[in-house]
Structure formats: structure tokens, C-alpha cells
Amino acid sequence: MRSNALYRALLYCYPAAFRHEYGSQMVLAFSEELEHARQTKDRAGAASMWFRAALDALTVAPKEHFHVILQDLRYAFRTMAASPSFTAVAVLSLALGIGANTAIFSLWNSAIHASLPGVDKPEQLVILSDPDDQGMWTGRLSAREDGDRPFFTYAEFQQFRDNGNVLSAVMATESNFDSWQVRVGDGEWEQARGRLVSGGFFQVLGVSPVLGHVFTAADDSGDAPYAVISYSYWQRRFGGRPDVLGKALGMRKTTLTIIGIAPRGFFGETSGEQPDMWIPLSMQPSVLPGVDRLHDKSPKKVMWLHVFGRLKPGVTLAQAEAQMNSAFEAGLESFYSGVLTAENRADYLDQHIRVRPAARGASSVRTRFSQPLSALLAAVGVLLLIACANLANLLLARGAARRSEIALRLSLGASRGRIIRQMLTESLALAIMGGLAGLATAYLIHAALVRLMDFQMSFSLDPMVAAFAVAATLGSALLFGVLPAWQVTTMDAGEPLKEHSRSATGSIGRMGWGRFLVSLQLGLSLPLLVGAGLLARTLYNLQRVDLGYPAERLLLVRIDTREAGYNAVRRDTLIRDLLEQFRRIPAVRSASFSNLGVFSGGNSTLDIQVEGYVPNGDKDRKSSMDVVGPDYFSALGVPIVLGRGILESDRPGAPGICVVNAAFAKQFFEGRNPIGRSITSVEDNARMTCQVVGVANNARTQNLRRDVKPRYYLPAVPPFDVEFKSPIFLIRTATDSAPVLAVVRQIIQRADASLPIISANSIEEQMTPLTAQDRAVAQIAVAFGTVALTLAAIGLYGVLSYGIARRKSEIAIRIALGARPARVIAMVLRETTRMVIAGLALGAGLAYAASRIVTSQLFGVTPQDPLTLALAIGILVAVALSAAYFPAHRASKLDPMVALRSE
Amino acid sequence: MPMHDTEPDALLPLPTAVFHILIALADRDRHGYSIMQDVAARTGGKVRLSAGTLYSSIRRMLEQGLVEELADSPDPASTDERRRYYRLSRFGKRVAGAEVERLNTLLQQARETGLVPGA
């Protein structure tokens, strides 16, 4: 009958066990009742029966499911409580696996993927500058080679703001993240971080203060000595007290008033940073003294701002870009009108704006960390796989121990589906416990990672991260739960009884899966070990890269003569006077100074013409340049390979000279003798010519990874030092440089107590940040590799111990028949070797594929480096063999009588 | 698994469907459809148990030990082998009694406070 079939179909909403037990009775009762309604011609009754049957499927059926789940869970927890050590190992390894994954995912998500937190409708935001860059460019031209502008000037921002055709609101922020010395009231000076922003900053981002008020457009013009502080700074520094409003913040020579507190969870327009405060751009002259960044003098621009806006309704990115660019180009044309000629026109005017979505905000870490984070995400994924394989193995072994119980249930009529469901519920319960513990672990790992990688972000369980954690938990449950569940239920109900009589040889099939899982774990560990090895060697290479000068016993001290009000002549005297005193310190071997110093992050590039050299393209007309003091090369320790260095006698009035580095000589002189040739720098319409008097060896002073670029060195002689206002002293000491630093500080203080020391570091301190990221990534990779290998070793140990326990009588008989202990050990190790070889075969392929992911991170080592691979394999084999040795040793010590009696 | 060690009070108050089924089984052993018919007849059609509710309740009542399933049909005349019959257990009787007691007390209190008219 059709109605019966329909009703039977409805029964599929109920759990299978319930359906099997009561399904036929329900169909019977239903059909009888329906028949009765038919006979009495009760159509409404029949309709109501169908209605109630459908309602049952929606209400009673889920309750029955819930009942089964509850029953299974109760059973699962009873099983877990019965073997607490198994449960602890399982939950711990899952917590580690899921926790590490969630932590890295959270980091990846917030650094690379997530929208700006605390910002209203971030998807409407656009950015006109390059969101992945930060810094300040000064000069005439500053578009990239493709013409895109990374930053804007203050005047350009004003132009965008006031020309509101396509953007409904525009604001600008300082692209750099600043660190200031501040003091609250008359308190001690302390460190605080923040950035300058335009008056519309908070309005454009749609952010209202939790207390006080924020800047307005009026703060863009005139004096606005105010600061809005972040919620976390308020909590941390002021204990969340509301009387913070109106407090005075001393900063350099100015005093700011705190007028508002930003809401909790708002960190501004840049991801990966947590500013303490925001200050109006108009305060730049007092807060970031030096270059006037608010007014440009044609043809030089000071480009330092990110510009954000919101698109007007209905305006597309392309329309906005076209509109903004036509206004921008008109602005460029009028700005450069004084210097434009037919030849340079294209150079000056080939600059454009790219309008990009800015929901994720600006970020200096995004490009830098996207690759390492993706690689780490892959690595932790593998780690979780290993943990799952380990658990599957433990469950297999436990499943084998529970075989008689399961066989009993099967023979009592339980369906295989029912037992699989039961076992999966157990896996799920384990995974959920592991997942919950994993969240706590994720919090800890996240904190450690953030510290290691110098990120400024806190762990938050946003929907994406939560979804990831849940998916990782459920995925793990399936991964480690399915195989053991399926394995156990493929056996015959009567098998365990027979099994017992066969225990002299053990069951090969089940051991096969265990072996496979161990090989899988070993195989998956190999790429992690290789990756860790490659990154560790990269770090090693970076720390020992030949700089071209000794990377020790060198002090770098930078002072700011600008703020202390020095003019060019007084500055020259001051610097030479200080230098004289530094050189008189007994522990100082030599001292000099330069504009760029060593790894200071700055660079200057000039357009040049080199005598006898015909440039091929734009790139060939540029060289980097530094202005240096006398004895610069000997102080730094860079050998002069030809001619001479820069001397005391290179004073004003002497002929203009310069020294080039070997890279410069190679590119521009191509084998000819550079001595006596001239280099002319062209800036605007001013030309300055110098004669090459020497060639210095290449010295790495910019970065560690890239090749040294052509550079020439000019003596610090007026008028070349017009921009030379914060010199960096290089002080080479004979002994440890730390004690000398105190003397140097004293000398500067004595010379002029108002002279700010911007930085004072040893070369080691200066170089630490250069390798910080590599160190962090290498440390994390090594930690992951170690955990992976430990898990694999535990898995191997478990499988062997279990296998030996099952084959106790076989081994005992062998020993009884005269097998020596060494032979028993060899037998176990042979088995181990087979698993290791299978694992290595799998792992080598994986390692090869994985090495591509880290290629861009490497330095001085190839992704297929044979030494690293050999070392990784060696460690893996050694760990595997030691994990195998203990069970093997135990087996060889078996007493035949005891072992056979126990059977 | 029958829970004979449970005190009857632990199961109170009984869900309506369960109490109806207990009442239906009070005079004789019945199969499912017979229980449905009895409940409908006694309540003048006001309470109609659906098959889903009935068997979900029976599943629970079996676990709680309120009813027992009979191995054989109590009706020798019945030719339908598919039918399964249920009987009120001793524990079931005690629980039903406890429920009646509870309702009685409640009713009495309602009368004493004048909420409803009565003796």
C-alpha cells in the first residue's frame, strides 16, 4: 500500500535502532488506525493522522536521536574514565594539535585575512596608497617603477579630501608606526606607541569614543595639542580611570591633552599593530620634528601618508580610480610646473593612484609574514595529521583489547552500524575534549607566537577562528575515529574466541594497519624536520653572513642636532668635537660618523652621470650614496682595495672627492680604473661633481639577504650635508663595547645636555631585528618538528610494545629454543626498519613538495639541500631506532617459563 | 535496562502519554493499536496518541521498568504473530499509584483553598 510505504519512509527520521525495534509495530498501528478512519469515512481524522505523523518526525524523532547520543556519550565517558592514561594522552595530543592549528590560523587570519576590528562597515573602505608599505619618501620623484604611488603628501591628502566627487569621506594617517617618549603630568618618561592621523580619522572609520570626544576636521588646521588614547592603553596605563580625560601628556617639547578614549577592540587602520594613542597630523612639527612634512617646496615632496576613504554609493573602484587620477595628475602638473621640461615631463608626471579595497586595512606584516604564516599553517596541519594517526593507532590497539566485548555485543544482535556509531561518538567525545583543551592551548601558543614574531595582536575567538577550531575538532574525530571503528567491526562475532588459540603468531592484518600508521607518522614528520632544518640553517647563515667588516665591538650612536637648534656651521664643529673626544676614550680604536650608519633602515639614492659610462636604462642612472666622516672605512673596518679612503684633509675648500664601493666600480667602470674619474650627481637643476679617489670593498649596511648595491661615499663637507642633521657615530672599540657606551653618553651630555640621543646600540643589538622573523620562524619550525617526531616515536613505541606483547609466546618459544637476546632484538629492529623505510619513501616525496613552500624564506641553502635532508633522515632513523630499542630489549629479556605460563 | 532500584517518586510527574498508557494497561495486556484505541475511547477522542509518541513512550517505559513486553500473545485467538503485547509491571503499578496519590493531593489542595468547588 502506498500509504504504508510513505509512512515507512517517514520512519527514516528515527534512529536505526529505534526503527528496527518498533518500526513494524508503528506501521501496523498506523495502518490499522488509517483503515479505521477510512471505514468510518473520517477524512478529517485521516488528515490529522498524517499531520501528527509528520509532526512526530520533527519532534519525537530528534528526541530519540538525542537519547541515543546521550546513551553513547554516557558510555563513551565511562570508557574514557576506565582508561584514564589513554584518555589523558589522547586529549593532550589533540589539545596540542588542535591548539597549534587554531593559534596559527588565528594569527594568519588576523594578520592576512580578517577585516579591521572595531571599524564600521570595513568593506566600504578604500585606500589610495600602498597598504603593504610604510615609511617616508622625500624627493622629487617617488612613484614606483610602475608609476604607482606608495604614499602621499599632506597637500595631496588635502586635495583628495576637499575634492569629494567619488569619495564620501577621506582621512590620512602616518604610514609609519611611531614610538615616543612620553610622560604623564610630571611623571617619568616612558615609551608609548602611536601615529599621527588627520582630523577625520575616527569619523571615516565610523568609530565613537567610549569616553570624551575624538578629533574633528577642524583639528587639521591650526594647533591641536590633543591625543585620543586606545582602550588597552587606558586600562594598562591608567587603570581604566575616567579622570584620565584632560590629563597632560608630555612629548618632546610639547604637551598634549587627552581628550578621548577609543572603544575596546579598535586598533586603528593597520592590522598587526596596537597603538597607544593617536595625535592630529597638524602636530607633526612638534611631535615629529625635523623635516616639515606638512608643506612641500616644489619640486620636492615629502610623501609619508596613507590615505583612506569611503566610496560614495554607486561608485565603483574603477570609476573612483579614474576620477582621482585625473585630479591627481592636474595637481602634479601645477606642482612641478617650475621644473618641467620636454625631456623630464614623463618622469615627473608618470605617477598614479591605485584605489584598492581596504577592509583589511594597511599592514606592514602582511607581505612579510604571509608566506611564513602560510607555511606554518601547512606545518601545523601536518602536525595534526600526525597526532590523529597516533590516536588512530592507540584506538586500534585499544579496539583490539575490546574485541571480546564488541564480539559479545555483535553476537547479542547489536548491528555493526550501531557499534560504529557508538565508537565514533567515543572519538567525537575525545575530540571535543581535545578541542576544548585545544582552545586553552591555542591561547597560550598564540601568546608565545605573538611574542616571538613581534606582532601586536591578541587572541580573539572570532567566528572564523571558532569555525576553524570546530572544523579541526570534527575533522580530527573523523580522521582518527573511522579506521579503528571500521576495523573492529569487520571481524566475525566468533573470531575473538579463535583468536585466543592463535595468539602464538598474532594477527597480521590488524598489526598491518598499525604499521601503516606508524610509517605515515614517520613520513609526515620528515617534511617538518627538513623544513625546520632548512630554516635553522638559513638563520645560521644569516647570522654568519660576511658583512665585509667585523660585526662586533662596534657602537652606533645617533644624535639629533636639529631639535637642539644647531645650524650647519655649529653642527660641523659639534660633530668634529665629539668625534675627537670619542677617539680619546682609551678603549676606542677608531671612530667616525655617517649619515646612514649601519642597518638604520634609511637609504638615499641619487641620479648620477658617470664619466665614460653610457646608461642603458633608468636603473643605470641611479646609485645609492652615503655621506661619511673622516676615517669612516677604517672605523667600520672595510678594506680599501684601491686608492685611499676619506681623510681629515677632505675639508671645505679641498677638491670634491668620493670613494666608490666594489659593486659601483663593477657596474659603472666595468674593469676600467675608476681612480680619477668623475661622478656627477644631478638633483633638480643642480649638479655636483666629485673625483673618485678610492675603491672600498663591498660592505653590507642595508640588508642581509640581497646583494650589495652600487654605492658611493662623499665626505661630510658643507654644502653636501644640508640634510645631514642626525649623524650616526660609528665607534670601534678594542674590547667589549658595552662599558664604552656609558662614557660616550657622558661625553654627549657634557657637550650639550639638550642634545637628544636618538639611539645608542651595539652592532649586535642593531642587527637583532634583521633576523628576528627568521629566528621566530625557525624556532617554531624546530618546535613543530620536535613535537611531530616525538608523536611518531610514541606511535612506534606503542605499536612495537603492543606487537611484542601479543607475540610474547612466539618470542618465548624462540628463546626457549635457544635464540640469543641479540637475535630477538635484531628481529624487532628489522620490523622497525621496514616501517622506517616505508615512512622515508613517503616522506621524501612530501619533503620535496614542501620545500617549495619555504624556498623564498631560505638564505644560503637550497630547498633540496642534501646535507639537511641527510641530517633529517639521520635524526628520524636514530629516534625511531631508540624508540624501538626499549621494547626490543624487554622482549629479549623474556623469561620463557613465565611468558608461556601466562598464556 | 529496568531501573527497579528507582523510587517511584523519582519518575513523577508522569508525562500525560505515559500515564494514559499505564491506565490503558491497568485492566488487561494490550498491543500498541489497542492502547491507542483505548486512550481515544476513554477520552472521547480528545487524546489521540500518535504511533511515534506511543512507541517513544513505550521505549522509555520499558527502560524504566514501568511495562514489560510479553513473549507470547495473551489472546490465543489472535492469529497475527506480528503484534507485540505489553503488560503493566509491578513497579509500573506502584508508579501509577504514586502519580494518582500526587494528583489527589493536588486536587484536595485546590478544593481546600476554594480554587474549585467540592467536598
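The values are calculated or read from the model by the stated rules, or taken from the named source; none is laboratory data. On a predicted model such as this, the values are computed, not experimentally measured, just so you know. Neighbour counts run over all protein chains shown; Cβ positions are idealised from the backbone, glycine included. Only protein heavy atoms, including side chains, enter the accessible area calculation; ligands, DNA and RNA are left aside. Shrake-Rupley method; radii C 1.70, N 1.55, O 1.52, S 1.80 Å.
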query: Amide H neighbours of A:L211 under 5 Å, counting only residues 5+ apart in sequence or on other chains, H built in-plane at 1.01 Å?
result: A:I261
query: In the protein assembly as shown, what % of DSSP beta bridges are antiparallel (nearest 5)?
result: 80 percent
message: Whole-Hz ³J(HN,Hα) for each residue in region A:187-196, computed from phi via Karplus 6.51 cos²θ - 1.76 cosθ + 1.60 with θ = phi - 60°, x for glycine and proline: what do you get?
response: x, 6, 6, 9, 8, 9, 10, x, 8, 8
task: Just the number, please: carbon plus sulfur as a percent of the accessible area of region A:187-336, 1.4 Å probe, no ligands or DNA/RNA counted.
output: 54 percent
Residues in region A:40-77 that, when all protein chains are in place, have 20 Å² or more less accessible area than the chain alone would give (probe 1.4 Å): A:R52, A:D56, A:V60, A:E64, A:H67
statement: Dividing the helical contributions, -39500 (n - 2.57) per DSSP H run of n ≥ 4, by the residues of chain B yields a 222 nm value, nearest 500 deg cm²/dmol, of -16500 deg cm²/dmol
- prompt: Given H placed 1.01 Å from N in the peptide plane, which residues other than close sequence neighbours of A:S623 have an amide H under 5 Å from its amide H?
  reply: A:L606, A:I608
message: Could you report the accessible area of A:K63 in Å², rounded to 10, computed with a 1.4 Å probe on the protein chains as they sit in the structure?
response: 140 Å²
query: Leaving out ligands, DNA and RNA but keeping every protein chain, what accessible area does A:H113 have, in Å² rounded to the nearest 10, with a 1.4 Å probe?
result: 90 Å²
statement: Loop-resident GluC sites (Glu not before Pro) in region A:253-353 with no more than 12 other Cβ atoms inside 10 Å, DSSP not H/G/I/E/B, are A:E343
query: 222 nm [θ] for chain A, helices only, -39500 (n - 2.57) per DSSP H run of 4+, per residue, to 500?
result: -17000 deg cm²/dmol
- request: Report the accessible surface area buried between chains A and B, summing both sides, using a 1.4 Å probe on protein heavy atoms only, in Å² rounded to the nearest 100.
  value: 1800 Å²
- prompt: Counting only the heavy atoms of the protein chains, how much of A:Y75 is accessible to a 1.4 Å probe, in Å² to the nearest 10?
  reply: 60 Å²
query: Amide H to amide H under 5 Å from A:R354: which residues, 5+ apart in sequence or cross-chain, H placed 1.01 Å off N in plane?
result: A:R149
query: Per the 1.4 Å probe, what fraction of the accessible area of chain B, in percent, lies on carbon and sulfur atoms?
result: 52 percent
task: Would you mind working out the magnitude of the charge dipole of region A:23-173 relative to its Cα centre, with +1 at each Lys and Arg C-beta and -1 at each Asp and Glu C-beta, to the nearest 20 Debye?
output: 560 debye
message: Ignoring ligands, DNA and RNA, please state the percent of accessible area on region A:528-645 from carbon and sulfur, probe 1.4 Å.
response: 49 percent
query: Can you give the accessible area per residue of region A:175-327, in Å², using a 1.4 Å probe?
result: 40 Å²
- request: Just the number, please: percent antiparallel of the DSSP beta bridges in region A:638-749, rounded to the nearest 5.
  value: 70 percent
statement: The answer for chain A, counting only DSSP H helices whose Cα atoms cover 20 angstrom or more along the axis and whose Kyte-Doolittle average is 0.0 or greater, is A:43-82, A:84-108, A:317-335, A:365-401, A:416-453, A:463-489, A:508-543, A:738-751, A:772-806, A:821-854, A:866-892
